[in-house]
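Written below as structure tokens is the structure these notes are about.
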Amino acid sequence: MAMDQLDGNLIDTDVLVVGGGSGGLMAALSAKRHGRPGTRVTLVDSWLIGRTGHTAFSNAWTIVALPGDDIDGILHEIVAGNDGIADQELVRQSLIDSHARLKDFEAMGMHFHRDEEGRYKRRPTRGLDLARVMYPEGGGLEFAWKQRLACEREGVQLIDRLFITGLMRGATGDRIVGAVGINSRTGEFNVIKARSTIVATNAITFRSGFVRDITGTGTLLAYRAGATLRNAEFSYVRPGTPKFYFEGITFAIQEGASWVNAKGEAFMQSYEPEWGDEADVPRIARAMAMENRKGNTPLYLDMSAIPEHLREYFIQSKVRWMDNFFRKLGDEAKTDMFGKTPYYALNQMTKMGIRTGADCRSDVPGLLSAGLAQAGCANHFAGFHIGLCVGNGWIAGRSAVEDLDAAPPPALDQAEVRALHAETRAPLNDQAKAESDRILRDLQAVMFAYDIGILKREDRLQEAAEKVTALSDEFKNIAAPHTHELVRMKETEAMLLAARFILGASLYRTESRLSHFREDHDQRDDANWLVWVDVAQGGNGPAFSKTPIPTPYCSVVLPRRKPSRLAARQSVGGV
Amino acid sequence: MIENIELEKCTGCGICDVVCPADVIHMEPQPVASEIDGLRQVKLLPVIKFREHCITCFSCEIFCPEHIVDVHPSVKNRPRPW
């Protein structure tokens, strides 16, 4: 049979990094720098490393602790702000390393904003008093591209347009020995043999976020290869409008914007008396959902308190694609953004990731994880997504090369490679119609309903799980007429599996915490639930379990206090 | 969503294809007026192959050296919670 005929490339490397955002880029660079001379590092991405993916389209805000900053205080804020769901060891190490990474970025030619006296300009991030974010000129596009160029200079092998479709366990079956994938344009098959493999493919988004090319399939490949996943019950739900992208909500609120309902009432104060509009993003989302239930929608972001000159600032985004966006919307952006357009609580991505230790090693030998594919933190703070990716990328790269000497030479398994090749290509049928979009739309409708994704309850979660099962069954009957659809099908397949874990973990955690709000268990319960919820392959499908969260450095609660106003929290510092 | 590429001004550099994160634009050989009678001449030009999958990231427009790509700032088909 033609399917059995192997045709493609075999690439041999020491460290394979899958995913070209800041987690993967830093992991590759770190592996190169920590490895002995001659260590081979290969970085692959399904599109263009440094130009596609979440980092490239972000504003690249990153939390940096400058010398003299209170690292333990910042750690405490982050841990408490995440309702305890954080790997304290990993977050702390990322903060400690952040100043050295800043210097690395500057050596790559990046410029971080400074005042007239040359001190770094820093901004506060939502609801936190000690943490400060820094932002490079040129936003994520420059941030990611300069990291790509650094990887090139330092000898990392970069392979664009390689979509990974499976991880290999090799001849001995006891460790990961690389991955297989296809060229995302031509479909050409590739096998990459590696001694350490780092998965850094971001989180699953269900194509809902502002960057809809992020599909996070690597996380699910890791699960299939035996890794445990974590934090599936949490998601990054943030206020937004389907009409346009507005990344400046944190800034706007700091400058005096507030959420109002259809009656013109500023509603946040009644849900979050102490924090009001500066509450954490999931709490704003929850309040919005409750306002919807009360019939108080549409909801608006009232920016009338913001002076005209600052409004201009929001439109003139530092992110190039967003700048294009607002410029082209013209007056519509100004009038709608500042009061007319209804906002929703929009689900951007799941916070599910691969369970690792603070060293970024997974439970499966030879498999590590970095970026948001790693389940280090369920954070919702502007600046911490990238901060954590940079931090855990650096750690993952170092751990990967530390493993090289001890790891046995990888031995491929012919039968496994053939099976993965057949599995990868199985849906191809040039007579078929492309139908995965239809299933995706149905899946989105199930997962993003506010009373499933934001206000959760047992009976509704179970009903949603049945719908996802039905969609998964329907998915088995579709095929792909070309490589474009084959890639999209693989992504949709991963989303269906992720949906199953999200609903399963949401049913499992019978309390409320962070973005996980159970109406039928509406209190946070530290006595029983200061745990991570893990999912791994069991005898009868996915098995959920609890892992207590260690608290070596700080408590998971912070004395609540009114955040100081923005003017008092603007700061400069460091060199 | 991507609206148009002014093909008559296109040099065929292929940057729009390379930077697209959603595989929307494909460079494909297109027939063009031939320099020599009797010979078929083709040129690699961008084709908007999967417009419905455009994510409105503006990359093609931003990086086009000829400034001939037009992306409309409308965002369609985003799931809503209510």
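Throughout, read-outs are computed from the coordinates displayed, never taken from laboratory work. This structure is a prediction, so every number in the text was calculated from the model and none was measured. No Cβ is skipped: glycine too gets one built from the backbone with ideal geometry, and neighbour counts run over all protein chains shown.
Observations on the model:
- The range A:236-300 - Debye-derived log10 I(q)/I(0), Cα point model, q = 0.17 Å⁻¹: -0.55
- Under 5 Å, built H, 5+ apart or other chain: amide partners of B:Met27: B:Val47
- Cα→Cβ-extended label distance, 7 Å offset, between B:Lys9 and A:Asp473, nm: 5.5
- Inter-label distance, nm, simple model (7 Å from Cα along the C-beta direction), B:Val32/A:Arg438: 4.0
- Within chain B, the longest segment free of exposed loop sites, counting trypsin sites (Lys or Arg not before Pro) that fall outside DSSP classes H, G, I, E and B and have at most 12 other Cβ atoms within 10 Å, spans B:1-39.
- Looking at chain A alone, DSSP beta bridges between its own residues are antiparallel in about 65 percent of cases.
- With Cα atoms, 0 to 90° folded angle of helix A:483-508 axis to chain A main axis: 60
- Entries in A:Lys340/A:Lys467; A:Lys328/A:Lys351; A:Lys243/A:Lys263; A:Lys340/B:Lys76 that, when Cα-Cα distance is taken, lie over 26 Å: A:Lys340/A:Lys467; A:Lys328/A:Lys351
- Long-range tail of P(r) for chain A (Cα pairs > 41 Å, %): 19
- Positive-end residue, the range B:1-67 charge dipole about Cα centroid, Cβ charges, pick of B:Leu39, B:Phe63, B:Asn4: B:Leu39
- Each of A:Glu416, B:Glu61 was scored by other Cβ atoms within 10 Å of its Cβ. Arranged with the fewest first, they read A:Glu416, B:Glu61.
- For A:Lys456, a cut-off of 13 angstrom between C-alpha atoms picks up these aspartates and glutamates, skipping any fewer than 8 places away in its own chain: A:Glu233, A:Glu511, A:Glu519, A:Asp520, A:Asp522.
- For the range A:178-260, the residue among A:Ile192, A:Asn202, A:Thr219 whose Cα projects farthest onto the positive side of the dipole built from Cβ charges is A:Ile192.
- Placed amide H near A:Leu10: partners under 5 Å, 5+ positions off or other chain: A:Val191
- Sorted from greatest to least, the principal axis extents spanned by the alpha carbons of the range A:71-204 come out as 55, 35, 24 Å.
- Cα gyration tensor of the range A:241-387 - equivalent ellipsoid semi-axes, whole Å, descending: 32, 21, 13
- Think of it this way: in chain B, B:Cys10, B:Cys13, B:Cys20, B:Cys54, B:Cys57, B:Cys64 stand alone, with no other Cys Cβ under 4.7 Å.
- Each Cα pair of the range A:404-447 feeds into the Kirkwood radius, which the Stokes-Einstein equation turns, at 4 °C and 1.567 mPa s, into a diffusion coefficient of 90 µm²/s.
- Summed over all non-identical Cα pairs, the Kirkwood treatment of the range A:375-492 gives a radius of 18.6 Å.
- Euclidean distance between Cα centres, the range B:36-51 to the range A:117-144, Å: 46
- Taking the Cα centre of the protein assembly as shown as reference, the dipole from Cβ charges on Lys and Arg (+1) and Asp and Glu (-1) amounts to some 500 debye.
- Projected onto its three principal axes, the C-alpha set of the range A:273-339 covers 36, 24, 22 Å, listed from the longest axis down.
- Normalised Debye scattering of the range A:1-153 at q = 0.10, 0.16, 0.19 Å⁻¹ gives log10 I(q)/I(0) of -0.44, -0.99, -1.27, counting only Cα atoms as equal scatterers and leaving out solvent.
- Taking a straight Cα-Cα cut-off under 26 Å and skipping sequence neighbours fewer than 8 places away in the same chain, the lysines within cross-link reach of A:Lys32 are A:Lys103, A:Lys146, A:Lys193.
- If only the Cβ of Lys and Arg carry +1 and only the Cβ of Asp and Glu carry -1, the dipole of chain B around its Cα centre is close to 440 debye.
- Gyration tensor (alpha-carbon) shape descriptor, the range A:147-225, a/c threshold 1.5: oblate
- Angle between chain A longest axis and helix A:88-107 axis [Cα atoms, degrees, rounded to 10]: 90
- Label positions at A:Glu332 and A:Leu412, each projected 7 Å from the Cα along the C-beta direction, are separated by 5.1 nm.
- Charge sum, other residues only, whose C-beta stays under 12 Å from A:Asn9's C-beta, Lys/Arg counted +1 and Asp/Glu -1: -2
- For A:Arg114, the residues whose modelled amide H falls within less than 5 Å of its own, excluding neighbours fewer than 5 places apart on the same chain, are A:Lys121.
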